[in-house]
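Take a look at the structure set out below.
No lab work stands behind these numbers, since they all come straight from the coordinates. None of these values were measured; they are calculated from a predicted model. Every residue, glycine among them, receives a Cβ derived from its backbone with ideal geometry; neighbour counts consider all protein chains shown.
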């Protein structure tokens, strides 16, 4: 599955724009629907991790094409997953909370 990095319609890491895009895209989804989407995504990430771990490539540079940055620097999948699941969530959470406060 080809992913647009950092996100569909974004060429740069505009964290505020990404957070706003995410909030607008999912704001009308019910909690159950959001939970289902999250569970499917987590299941897919775990499936990828288990497959790459079993193959011994979880920490190998450049196994997946999107693990190569525009600069040509390659990351192992393990680092890519950490950087793109944990760090942006914390940042997006802060930005969304700030955005909600300013709209109230």
Discussion item. Tell me the angle of helix 31-55 to the major Cα principal axis of the chain, expressed in degrees between 0 and 90 and rounded to the nearest ten.
Written reply: 10 degrees
Discussion item. At 7 Å along Cα-to-Cβ for each site, give me the label-to-label distance between residue 54 and residue 82 in nm.
Written reply: 2.4 nm
Worksheet item: Okay, helix-only estimate at 222 nm for the chain: each DSSP H run of n ≥ 4 adds -39500 (n - 2.57), divide by all residues, round to 500 deg cm²/dmol; what do you get?
Response: -20000 deg cm²/dmol
Discussion item. Give me the percent relative contact order of the chain, please, defined on Cα pairs under 8 angstrom at least 6 residues apart.
Written reply: 25 percent
Response to the item:
Here D for the stretch 32-103, in µm²/s, from Stokes-Einstein with a Kirkwood Rh over Cα pairs at 25 °C and 0.890 mPa s, works out to 174 µm²/s
Worksheet item: Pick from 89, 28, 53: which residue has the top mean-square fluctuation in a GNM of the chain where Cα pairs under 10 Å get a spring?
Response: 28
Fill in: Pairwise label distance in nanometres, residue 66 with residue 26, each label 7 Å out on the Cα-Cβ vector
1.5 nm
